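Accompanying notes for the structure given below.
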Amino acid sequence: MENNSRRNFLKLFATATGVSLIAGPGLVRSAFAQEKKRGAAPAAGAAPAAGGAKELEWPVVVPGKDLALAMAYNHNHAEAGKDAKTDKKTDKGTAWEKRFCNNCSFYKTVGKKKVSIAGKDVEVEVGTCTIFPKALVAAEGICNSWAKKA
Ligand code: SF4
């Protein structure tokens, strides 16, 4: 599964940014190394063990900026549905409507945090994502790099 996830991410990164030959493999290697450091993958369909207070201090990924823009990351499906870069068609073995950060192989639950969604600050569950180092994503978020848990 890990190799498939990595391959899918590289393909998506290349499509979105055109720089994967230079930055993609290094970024992914780093992301997977971080994931390994954090421990083994959780059982399919279950959110991984919660992270610590340290991670809760990390900033939340901002949709529409930098890598989030390239990956079409959004805090929920309502926002992702309005994002022209959102890819609902690619077959990942799970319908787009059922894909969330909290059932993605790159996600680990951390806790609750206020997040700005559609101009409103709302407290939502957040977690880490190996695609976005030292940043948090919303549990109900989604991006084009979503990968099914093994
Ligand atoms: S957890 Fe998965 S779906 Fe969410 S931002 Fe990371 S790669 Fe994308």
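Can you name the residue in the range 77-102 that is open to solvent by less than 40 Å² (accessible area, probe 1.4 Å) and among the polar types (S, T, N, Q) and, of all such residues, is nearest to Cys143 (Cα to Cα)? Filtering first and then ranking leaves Thr86.
Those residues that are touching a helix residue (DSSP H, G or I) at 6+ places or on another chain (Cβ under 9 Å) and away from the ligand (no atom under 11 Å from the Cβ), I need them from the range 110-132; list them, please. It would help to see each step written out before you state the result.
Filtering the range 110-132 down to residues touching a helix residue (DSSP H, G or I) at 6+ places or on another chain (Cβ under 9 Å) leaves 110-113, 117-118, 125-132.
Within the range 110-132, Val110, Gly111, Lys112, Lys113, Ile117, Ala118, Glu125 meet the criteria.
Counting only strands (runs of 3 or more DSSP E) wholly contained in the range 57-150, the ones carrying 3 or more residues that are free of Cβ contacts under 8 Å to residues at least 60 places away in the same chain occupy 107-117, 120-129. Restricting Gly111, Gly64 to residues that are farther than 24 Å from Lys148 by Cβ and open to solvent by less than 30 Å² (accessible area, probe 1.4 Å) narrows the list to Gly111.
The values are calculated or read from the model by the stated rules, or taken from the named source; none is laboratory data. Everything numeric here is computed off the predicted structure, so don't read it as measured data. Every residue, glycine among them, receives a Cβ derived from its backbone with ideal geometry; neighbour counts consider all protein chains shown. The protein model used for the area step is the full one, side chains on, heavy atoms only, and it has no ligands, DNA or RNA in it. Shrake-Rupley method; radii C 1.70, N 1.55, O 1.52, S 1.80 Å.
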